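Here the structure is laid out as structure tokens; the discussion comes afterwards.
Values in this text are rule-based calculations from the coordinates and carry no lab data. These figures come from a predicted structure and were not determined experimentally. Here the Cβ positions follow ideal geometry from the backbone for every residue, glycine too, while neighbour counts run over all protein chains shown.
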Amino acid sequence: MAEVKVKVQPPDADPVEIENRIIELCHQFPHGITDQVIQNEMPHIEAQQRAVAINRLLSMGQLDLLRSNTGLLYRIKDSQNAGKMKGSDNQEKLVYQIIEDAGNKGIWSRDIRYKSNLPLTEINKILKNLESKKLIKAVKSVAASKKKVYMLYNLQPDRSVTGGAWYSDQDFESEFVEVLNQQCFKFLQSKAETARESKQNPVIQRNSSFASSHEVWKYICELGISKVELSMEDIETILNTLIYDGKVEMTIIAAKEGTVGSVDGHMKLYRAVNPIIPPTGLVRAPCGLCPVFDDCHEGGEISPSNCIYMTEWLEF
């Protein structure tokens, strides 16, 4: 008698249990999960059942649908953003998510198009709609004056986008930089003069002529010459131009953790010096003193071809 094989069908899983398990997986992987991850975790669930559960979670606004190099991603939706995007379709949610992931450095519309695979006309329409809702904003980048990057409305743009304290409406504030340069040097000169007048032994005089970048930063802040808030990093950029000009020297010392002005157990100290010999022509070139050297490139807002300081230096 032939043996009869009976195929046992697995019992139908509860749809609510499938949805809850998908939500748990999304919490375990905050950056998103693929359909393959869901399949590996729930091998007994058929593809149709997974699709029904995922579509239901998407329709209820509990998941975000994203695109990546590996395919579609499902990510748990932030409760705060869920309220903001209420009433938006999936395409608008996708564009918003891409912009959110870009952070405060923003993203160009071209890159949004690449990541979303949506037509440019549709992306422009979505961007205008999100801007009108004050969910996103367009910011002009100093790296490319004719291009705008998009970021969330409440974010402060990164200094790589705005140029930091040295720019105002995309214009490089050369006079402001020069004033800061002079005042920082004046403070260090005063510190060195006070040390010399103390008439102590040379070693003590030399050590007391140094000032930390925090001291210089505090002095500039108390002067009130800046309309924008300056960081210690901004002041160190100015001090670096004085070093390149041969007017200041820097040394780094070990400092106790928590000491004002110290970073990772080290502190930068600066003092004014008298150059022994005139600086060479290369050091005196504008590039050697420029605080926005890293932002200078051909085709950008700042470039060698339109640099007025380079032109003046060559004519001299």
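What to note about this one:
- Cα→Cβ-extended label distance, 7 Å offset, between Ile225 and Asp158, nm: 3.1
- Per-residue 3J(HN,Hα) values for segment 125-130, derived from phi via the Karplus relation 6.51 cos²θ - 1.76 cosθ + 1.60 with θ = phi - 60°, read 5, 5, 4, 5, 5, 5 Hz in sequence order (x marks Gly and Pro).
- Using 0.36 nm per residue and subtracting the Cα-Cα separation, the extra length available between Lys133 and Met232 on full extension is 32.0 nm.
- Pairwise label distance in nanometres, His31 with Ser190, each label 7 Å out on the Cα-Cβ vector: 5.1
- Rounded Å value of the spacing that divides the Cα centres of segment 175-189 and segment 229-257: 12
- For a straight C-alpha distance cut-off of 15 angstrom, the aspartates and glutamates reachable from Lys105 (same-chain residues fewer than eight places away being disregarded) are Asp158, Asp295.
- Two-site FRET efficiency, Asn104 against Arg56, from Cβ-Cβ distance with R₀ of 45 Å, rounded to 0.05: 0.85
- The peptide list 159-166, 192-199, 34-41, put in order of mean Cβ contacts within 10 Å with the highest first, becomes 159-166, 34-41, 192-199.
- With a threshold of 23 Å on the Cα-Cα distance, the over-threshold entries among Lys218/Lys268; Lys93/Lys148; Lys148/Lys218; Lys115/Lys140; Lys115/Lys137 are Lys148/Lys218.
- Phi to ³J(HN,Hα) by Karplus 6.51 cos²θ - 1.76 cosθ + 1.60 over segment 22-34, Hz, x for Gly, Pro: 5, 4, 4, 5, 5, 5, 5, 10, x, 7, x, 10, 9
- Net lengthening on full extension, Glu178/Gln205 (0.36 nm per residue, minus Cα-Cα): 6.8 nm
- Each of Ala47, Gly71, Gln36 was placed along the dipole of segment 15-78 (beta-carbon charges, centred on the mean Cα), and the one lying farthest toward the positive end is Gly71.
- Around the amide H of Leu73, modelled in the peptide plane, lie the amide H atoms of Leu66, Arg67, Ser68, all under 5 Å away and 5 or more residues distant in sequence or on another chain.
- Residue-wise HN-Hα couplings along segment 98-104, as the Karplus relation 6.51 cos²θ - 1.76 cosθ + 1.60 with θ = phi - 60° gives them from phi, are 5, 5, 4, 5, 6, x, 7 Hz; Gly and Pro carry x.
- Each Cα pair under 8 Å and six or more residues apart adds its sequence gap; the mean of these over the residue count of segment 15-78 is a relative contact order of 40 percent.
- Most tightly packed first, judged by the mean number of other beta-carbon atoms within 10 Å of their residues, the peptides 125-138, 235-248 read 235-248, 125-138.
- Once the C-beta distance of Val16 and Asp89 is scaled by a Förster radius of 25 Å, the resulting FRET efficiency is 0.45 to the nearest 0.05.
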